[in-house]
Every structure is written in C-alpha cells, then in structure tokens.
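Here is the structure we will look at.
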Amino acid sequence: MSSLSLTPDPSTFFSRCTKEPSPRCALSTSVAVAGSRRRSFVALSISTMVSLHMDYDNTRSSSRSQAMELSRVLDQSLSSSKIESGDISVSRSLPKPLTASDLVEVTSTGPRFRVAYQGLPGAYSESAAAKAYPKCEAVPCEQFETTFEAVERWQVDRAVLPIENSLGGSIHRNYDLLIRHKLHIVGEVRFAVRHCLLANRGVKKENLRRVLSHPQALAQCEHTLTKLAVVKEAVDDTAGAAQFVSINQFRDTAAVASSLASKIYGLDILVHDIQDDSDNITRFLMLAREPIIPKVDRPFKTSVVFSLEEGPGVLFKALAVFAMRNINLTKVLPLYFLRGL
Ligand SMILES: O=C(O)C(=O)Cc1ccccc1
C-alpha cells in the first residue's frame, strides 16, 4: 500500500497519482482510506470538478498497435440462443459471458471498441457500458474479476463497473477489486436504474413465492418485495435472474431486472418501476490500462487510496492537507475490509 505523504505541495500528490501509477493509486478519479493492524486505509474522492472525461479515442490507437487477432475469443464467446415463453418468441444472438478460462493470451484488435461488463446481456451494466461508450461492443463477463482481467490481458479496451448506488451505497467488493488490480479510472457514468418485476407469461403477482435478482436490485426494491411477501434470493446479476426464470419456466418465481431483459428472455413485465426511490442512480466507473493525465483545461475528479499509521488525529491531519488547499472532497470512504492486506 503506497501511503500519502503529507507534503505541503499538492502538485506532488497529484503527480504521484498520475506519473507513477501504482495499483493503490489506480483510483485516479476519487479518494479512499482503509486499515491493517497498525495502519488505516482511506479512500477519498477529490472534486475540483463536476464531470469526468472519456477520451477512449486516444488510447485506442495504442491498444491497436499492440493488438493481435481476437477472432478466436470472439468465436468462443458468441453463441446463439432462442428463448420461448408462451406465444412470445425472442431470438437474439447472445454473446456468451467470458469466464476466467477464456482469458487466454490474445489481445483486442477488432474494429470495434470492446467494453467488458459483469453479467448477461440485458444487465444494467451492459446499458451503462453503452452509455459510456455509445458505439462499443459490450462484452459480458461472468464475474467482476473477469472484467478486470479482460482489460489487463488486452482482450477488451475498457471495463465498466458499478461502484455506488444512491440507495444501496458503495459497493465495497468492487473497491477491493480496484485496489487489487492495476487498472485506472478514466471516467464515470451515472445510470438511472428502473427495475421491473418479470415473470413467465400467464403468471400473476398472487402466484409468486420467490423473487430472484442481484443483491443491490433486491435491496433497492425492498418495499415492493416486502408487500409481495416473497422469498428473496440473490444471484450474480439481474439479467441472469431473468434468464433463469425463463429457462426453467417457473410459475411461482419472478425476477427483478430491466425491461430490456424482459424482451431478451421473453418474460412479461408484471410491474414497472418497482424501485423504492424513483431517483435510483447507480454510478459506474470506466476502467482502462492507462491513466488519464489531468490537465487544466477542464475539471477532473481524482480518487486516491492511501494508508495511515495508527495514531491520534491521523485522518484529521491527512484531510487537512486538502482542506488547507481548498480542495473539495466528494467522498471519504474508510476501507476496513483491507485490514488483512
Ligand atoms: O445485475 C445487473 O444488472 C448489474 O448490472 C448490477 C446492478 C444491479 C443493480 C443495480 C445496478 C447494477
């Protein structure tokens, strides 16, 4: 863990994060603090900024120059699927999610900019990837870890990762992945998540005994699901829940997922907008192999993770470095889960 020295010159701080990127400085768009036996680690989001930039065109050429043939991975990861439900028949060529074993040493060379996300087609992360990089080819991955590895091994150009929700708060597991991997935050995108209750054709709300979804989605629909008096079961992603309900033709089980997932997996929408808060925003990070070098032409947000020796007022002193320079912190997150590092 690189620690932040309390230097009087804030430019030193920024240069450490941009010119000498380390895995711990990889959070190059927000600040974080967490703890080992004798140290505490903290994540902070510094905001002299409002928005983040998304300059994938610049780095694209460098990834291309080193790129090799990717068609083997594409062939492996594309599969055709047809799902039928009642008289609804949805046919779409769905990419098969990458697993860790697909991550052989090939690099991304395709004509399209490839963006990894966790989940199946129809997951919110897929929509966030499309919002972040409108013309991209979104590449589904089974696990969050696989999205990181796909970028690190040049199989894709970027990864998009949910990090924080307006209702559910920070997704700590994904902070952990940011710290363990060597990717850099190069942008962020906010996506309004609108959950639907999906079931097979003919199934009514009264028939439901069980609802499947991603834990965040279940948490965000707590009130509606409590009223339905169903058993909630967590699965890896919302679209995976929809696919599972469809494939098994369940009559007593629904999924919480997107309206897009209802179309892809041939499910009916029993209820629209079941999230407890109508303003349900999830913040996704855009991750790349190379950091952005902040300039002065527009606002930037910087994220840093650092550790502090245990002692009275250490966090106060660290935060004073920013306060004294009028640097706005948008978020301070103690990363207690890093104690074991
Ligand atoms: O499971 C999904 O579809 C995801 O992309 C993760 C997620 C779940 C709930 C809200 C936002 C993102």
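Values quoted throughout were computed directly from the atomic coordinates according to the rules given, and no laboratory measurement underlies them. Here the structure is a predicted model, which is why all the values come from computation and not from measurement. Here Cβ is always computed from backbone atoms with ideal geometry, including for glycine, and neighbour counts include all displayed protein chains.
Summary table below
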read-out	value
Cα centre as origin, Lys/Arg/Asp/Glu Cβ charges: segment 159-269 dipole, Debye	240 debye
Packing-based order for 258-264, 305-311, using average beta carbon neighbours within 10 Å, highest first	258-264, 305-311
Cα→Cβ-extended label distance, 7 Å offset, between ARG194 and ARG210, nm	3.0 nm
Point-to-point label distance, GLN249-VAL296, nm (Cα→Cβ direction, 7 Å offset)	6.9 nm
For peptides 121-131, 168-178, 224-234, sequence by mean Cβ density within 10 Å, most packed first	121-131, 168-178, 224-234
Entries in LYS135/LYS182; LYS204/LYS232; LYS135/LYS301; LYS295/LYS331 that, when Cα-Cα distance is taken, lie over 19 Å	LYS135/LYS182; LYS135/LYS301; LYS295/LYS331
Protection proxy ranking of 200-206, 289-295, 111-117 - average other beta-carbon atoms within 10 Å, highest first	111-117, 289-295, 200-206
Residue-count net charge about GLY119 - beta-carbon cut-off 12 Å; Lys, Arg +1, Asp, Glu -1	-4
Net lengthening on full extension, GLU310/SER278 (0.36 nm per residue, minus Cα-Cα)	7.3 nm
